[in-house]
Amino acid sequence: MHRLTRLFVALVLVLSPLAAGVASAAPDLETRLTAIQGLRIISKATVGEYRYFVLGFRQPIDHQRPWRGDFEQRISLLHKDESRPMVLHTTGYDLPGGPGLSEPAKLVDGNQLSVEQRFFTPSRPEPADWHDLDIRQAASDHHRIVRAFKGIYRAAWLSTGASKGGMASVYHRRFFPHDVDGTIAYVAPNDVVDGRDVYADFIAHAGDDDACNRRLEGVQRQVLQHRDEVVAIMLARGYRYDGLFGSPQKALEILVLDTPFTFWQYESQARCVIVPGPDSTVEQLVRFMDDTVGFDFYTDAGVAPYTPYYYQAGTQLGSPKADERAVADLLRYPGSSVPRSFVPADIPMRFQPGAMRDVDAWVRLAGRGLLFVYGGDDPWGAEPFRLGPGTRDSFSFTVPGGNHGADIAKLPEAQRAQAKATVLRWADVPASVQAATFDGPGPDDLAELRRRPL
């Protein structure tokens with residue numbers, strides 16, 4: 001054997017055990033996670049092919065003034081493989097109760113980080129200064145999470161969210177446009193000018209049979225005409241209204257005003273057959289309202305977890321104006337269906353009219369890598385994000401007759417194919433690798449998003 005060959009073989013024999021030792025000593029996922037500054041593992045489990053972690057991550061209360069202290073924000077991680085794409089799922093609300101993959105994570109067969117929105121408990125500073133809840137602070141939360149986890153997940157990153165979570169994903173891109181390679185925002189409203197409202201007109205033309213809306217208006221009037229009987233049922237169930245709402249009558253009126261909006265948010269033209277007619281009993285009316293709108297939500301306890309949403313709606317996001325025309329003569333508390341009614345009086349609120357205009361201008365003039373999906377009959381799509389002259393590599397699709405559960409899978413075939421191809425391209429994933437049936441652990445928490453009102 002040649003002397004150099006013998007030397008090479010000897011080196012291989014010597015170095016091979018060392019190399020094996022280095023490989024065996026490579027840190028596992030848990031070690032790498034806990035090495036992230038400010039991160040702790042709260043719980044862990046195995047779900048099919050995925051490892052599932054609930055994590056706590058320390059965030060500055062105020063990213064512009066970090067010396068003011070920090071709080072722990074909850075995150076969940078569905079880990080499949082470090083080499084797979086990562087999907088940042090901005091929930092917009094609290095953390096889902098269990099593991100659930102978003103549609104983009106299923107499509108690219110990737111990993112997923114779901115982030116609880118700041119100020120939803122337990123991700124709330126104590127004491128809470130509500131001035132620290134705004135879209136830029138939340139975007140900065142997401143930015144720090146991306147920076148922390150990119151040390152582990154070095155493949156392409158996407159972001160996604162539905163409803164308020166979709167809005168949050170766009171706001172994140174507005175302030176940190178290069179954090180991810182593409183954003184898929186589902187059913188995300190864009191209330192650019194809060195005082196200019198088209199929701200009522202949109203609802204009036206939802207569906208393909210005007211009789212449906214006339215029946216919904218009839219239900220509104222019948223419930224208020226029997227308000228004392230309905231309120232007696234509400235109180236008999238043990239619901240409380242002596243705190244935030246102050247009166248069950250006021251809560252009932254807000255619920256009644258929300259009825260057409262909520263029906264079209266979650267139902268469809270085909271479901272108009274369930275709307276009670278003019279000869280319905282109080283019990284039939286109550287059953288319909290329970291199934292469609294939900295008496296349990298319009299209570300002090302029901303709305304309390306959503307104070308952060310209503311605070312943001314009343315300070316930056318904007319909100320639809322309740323259409324009172326069909327029942328104006330029956331109202332005792334006109335003008336009550338506004339965010340202020342859902343936020344405790346000791347929390348100050350001042351609306352900032354420029355916040356949404358700024359984001360809208362960015363989408364139209366500088367947005368890149370954005371994909372929007374809306375439902376054709378979903379009232380929240382009445383004021384959508386629109387692409388503009390400066391928007392690049394971006395798309396907007398609408399599911400005909402779709403509601404607030406619209407997604408890529410429900411699009412017409414040609415649009416569905418285009419949307420899938422775009423997501424795969426952004427994720428740098430060949431079409432042959434995608435999860436063909438969108439399989440994954442647990443329910444799809446975006447498709448099951450049945451939050452009221454957004």
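The values are calculated or read from the model by the stated rules, or taken from the named source; none is laboratory data. The model shown is predicted, which means the values in this text are computed figures rather than measured ones. As a convention, Cβ positions derive from the backbone with ideal geometry for all residues, glycine included, and neighbour counts pool all protein chains shown. Remember, those area values only see protein heavy atoms, side chains included, never the ligands or the DNA or RNA. Shrake-Rupley method; radii C 1.70, N 1.55, O 1.52, S 1.80 Å.
Residues are listed down the side, and each one gets a yes or a no for (1) farther than 20 Å from Ala168 by Cα; (2) part of a strand (DSSP E or B); (3) open to solvent by less than 60 Å² (accessible area, probe 1.4 Å); (4) among the hydroxyl-bearing types (Ser, Thr, Tyr):
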position: Ser43; (1), (2), (3), (4): yes, yes, yes, yes
position: Val54; (1), (2), (3), (4): yes, yes, yes, no
position: Arg58; (1), (2), (3), (4): no, yes, no, no
position: Glu72; (1), (2), (3), (4): no, yes, yes, no
position: Leu77; (1), (2), (3), (4): no, yes, yes, no
position: His89; (1), (2), (3), (4): no, yes, yes, no
position: Leu95; (1), (2), (3), (4): no, no, yes, no
position: Gly98; (1), (2), (3), (4): yes, no, yes, no
position: Leu101; (1), (2), (3), (4): no, no, yes, no
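Here is a yes/no grid of residues against (1) of a type in the set (Gly, Ala, Ser); (2) crowded, with 18+ Cβ neighbours inside 10 Å; (3) touching a helix residue (DSSP H, G or I) at 6+ places or on another chain (Cβ under 9 Å):
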{"position": "Asp290", "(1), (2), (3)": "no, no, no"}
{"position": "Asp296", "(1), (2), (3)": "no, no, yes"}
{"position": "Tyr309", "(1), (2), (3)": "no, yes, yes"}
{"position": "Gln312", "(1), (2), (3)": "no, yes, yes"}
{"position": "Gln316", "(1), (2), (3)": "no, yes, yes"}
{"position": "Glu324", "(1), (2), (3)": "no, yes, yes"}
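Quickly run through the range 212-257 and pick out the residues that are among the basic types (Lys, Arg) and either under 17 Å from Val343 (Cα atoms) or assigned to a loop (DSSP other than H, G, I, E, B) (or both). If you could, list the steps in order and put the result at the bottom.
Filtering the range 212-257 down to residues among the basic types (Lys, Arg) leaves 214-215, 221, 227, 237, 240, 250.
Of everything in the range 212-257, those that are among the basic types (Lys, Arg) and either under 17 Å from Val343 (Cα atoms) or assigned to a loop (DSSP other than H, G, I, E, B) (or both) turn out to be Arg237, Arg240, Lys250.
Only one of (1) open to solvent by less than 80 Å² (accessible area, probe 1.4 Å); (2) farther than 24 Å from Ser169 by Cβ; (3) modelled with pLDDT of 95 or more fails for Ala25. Which number is that?
(3)
Take the range 141-163 and flag every residue that is open to solvent by 10 Å² or more (accessible area, probe 1.4 Å), in a helix (DSSP H, G or I) and closer than 18 Å to Ala185 by Cα.
His143
Do you know which of the residues in the range 392-417 that are touching a strand residue (DSSP E or B) at 6+ places or on another chain (Cβ under 7 Å) and more than 24 Å from Phe202 (Cα to Cα) is surrounded by the most Cβ atoms within 10 Å (Cβ to Cβ)?
Ser394
Regarding the range 407-415, can at least one residue be identified that is out of contact with any Gly (no Cβ under 6 Å at 6 or more places or on another chain), closer than 17 Å to Gly314 by Cβ, small (Gly, Ala, Ser) and without any contact (Cβ under 8 Å) to a residue 60 or more places away in the chain?
No, the range 407-415 contains no residue that is out of contact with any Gly (no Cβ under 6 Å at 6 or more places or on another chain), closer than 17 Å to Gly314 by Cβ, small (Gly, Ala, Ser) and without any contact (Cβ under 8 Å) to a residue 60 or more places away in the chain.
Mind telling me which of the residues Gly238, Gly182 ends up being over 23 Å from the mean Cα position of the chain (by Cα) and small (Gly, Ala, Ser)?
Unique residue meeting the criteria: Gly238.
Scan the range 342-368 residue by residue and report those that are surrounded by fewer than 21 Cβ atoms within 10 Å (Cβ to Cβ), of a type outside the set (A, V, I, L, M, F, W, C) and in contact with a Lys or Arg (Cβ under 8 Å, 6 or more places away or on another chain).
Within the range 342-368, Asp358, Arg364, Arg368 meet the criteria.
Got a number for residues in the range 184-206 being among the aliphatic types (A, V, I, L, M) and farther than 13 Å from Gly381 by Cβ?
Here the count works out to 5.
Hey, can you tell me all the residues within the range 197-232 that are over 28 Å from the mean Cα position of the chain (by Cα), within 17 Å of Phe263 (Cα to Cα), surrounded by 20 or more Cβ atoms within 10 Å (Cβ to Cβ) and of a type in the set (A, V, I, L, M)?
Val219, Val223
Consider Val198 against the criteria (1) farther than 20 Å from Asp134 by Cα; (2) touching a strand residue (DSSP E or B) at 6+ places or on another chain (Cβ under 8 Å): it satisfies all of them except one. Which criterion is unmet?
(2)
Show the residue pairs meeting these rules: Cβ distance below 8 Å; 6+ apart or different chains; first residue within the range 255-280 and touching a residue at least 60 places away in the same chain (Cβ under 8 Å); second residue part of a helix (DSSP H, G or I) and open to solvent by 30 Å² or more (accessible area, probe 1.4 Å).
Pro260/Glu217; Glu267/Ile274; Cys272/Ala211; Cys272/Arg215; Val275/Arg215; Pro276/Arg215; Pro276/Gln284; Gly277/Arg215
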